[in-house]
Amino acid sequence: MDQEELDVVEHQHPTVNAHLLEEPEIRTSTLFMLLCVALLPMGVSWTYDFPGAMYSFLADRFGVDDYSLSKNEVLYSVYNWPNVVMVLLAGFTVDRWLGLQRSTLLLAFSILLGQFIFSTAIQWRTYPMAVFGRFVFGLGGAAISVAQSTWIVLLSDASNMAWRFGIVLTVSRLASALNFAVTPAIGQSSISAAIWLGSGINVVSFVAAIILFRARNPNLDETGRVLTNTDTPIRFITSSRPTGASVCYAVHVELMAIYYVLRSFPAPVWIQFAICIFYHVGVLLLYQIASILFQGSGAPYS
């Protein structure tokens with residue numbers, strides 16, 4: 001496709017990223033980058049539910065009398081509570097501070113480091129260290145989805161964005177399902193092997209983050225920030241910031257930007273937010289508790 005044809009495509013379909021249509025080599029590169037994007041949360045999806053999938057094995061490891069259900073729930077709490085704020089901070093980190101590529105690498109490293117700390121804690125039978133590892137793991141665990149979503153938008157156009165989101169989410173859900181099926185089976189032979197397998201899968205996700213960090217994309221500037229030509233409410237507010245503004249004024253500007261963005265969301269978006277909340281509260285909590293109940297029932301479980 002020559003430049004004249006590309007100009008026609010961009011004029012008739014401004015939402016289409018012309019670089020995705022240009023040459024077969026570029027399309028192949030884009031698909032490879034999408035594969036790396038799909039692998040980003042695979043380690044998180046595999047190891048997030050490790051405490052639920054391996055509750056009985058962890059109790060044996062730490063001691064049945066010392067390791068209770070409440071201690072197992074703490075391993076989820078130290079992951080979930082920081083992410084109430086971390087996902088919001090990740091958005092500003094991607095947009096304003098480090099840019100997409102550096103943020104992706106930093107979040108992936110936090111996940112890998114936290115999982116290695118957690119695995120080492122299980123190996124050494126040190127529960128406080130396991131809690132700390134899950135906390136570090138959580139600093140990047142949910143926030144990596146912010147970077148992942150941004151990558152998908154950059155590598156897609158209006159005609160294929162939905163199915164590319166679907167493919168990426170399928171990889172995450174598949175990893176979570178395989179964790180519940182594979183990890184307990186391996187844990188029956190060696191809990192150490194089951195733990196470090198999860199760390200190995202996080203290494204794969206980190207390698208994918210390194211590839212994306214080294215990649216070049218025409219929608220990113222030299223600092224890794226997303227290029228845009230639109231005048232959003234955020235751009236309007238920040239453009240009025242005076243020289244040498246105080247930190248308090250900067251915080252006020254950012255809060256006002258959040259307010260304008262939230263106010264712009266239509267009702268269907270808020271309904272989707274509610275659906276996500278009920279999904280996580282209902283479905284995810286169900287299979288975490290159900291896993292523990294099955295393991296404590298004495299019935300065969302894998």
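Each value in this text was obtained by applying a stated rule to the coordinates, not by laboratory testing. Computed from a prediction, not measured in an experiment: that's the story for all the values here. Quick reminder, even Gly has a Cβ in these numbers, built from the backbone with ideal geometry, and neighbours come from all protein chains shown.
Would you say ALA194 is buried (at least 20 other Cβ atoms within 10 Å of the Cβ) and either in a helix (DSSP H, G or I) or of a type in the set (A, V, I, L, M) (or both)?
Answer is yes for this residue.
Go through region 150-203 and give me each residue that's among the hydroxyl-bearing types (Ser, Thr, Tyr) and in contact with a helix residue (DSSP H, G or I) (Cβ under 9 Å, 6 or more places away or on another chain).
THR150, SER156, THR170, SER172, SER176, THR183, SER192, SER199
Looking only at residues in region 89-129 that are assigned to a helix (DSSP H, G or I) and of a type in the set (Lys, Arg), which one is farthest from ILE152 (Cα to Cα)?
ARG96
Could you list, in sequence order, the residues of region 143-171 that are touching a residue at least 60 places away in the same chain (Cβ under 8 Å) and outside any helix (DSSP H, G or I)?
Within region 143-171, ALA143, LEU155, SER156, ASP157, ALA158, SER159 meet the criteria.
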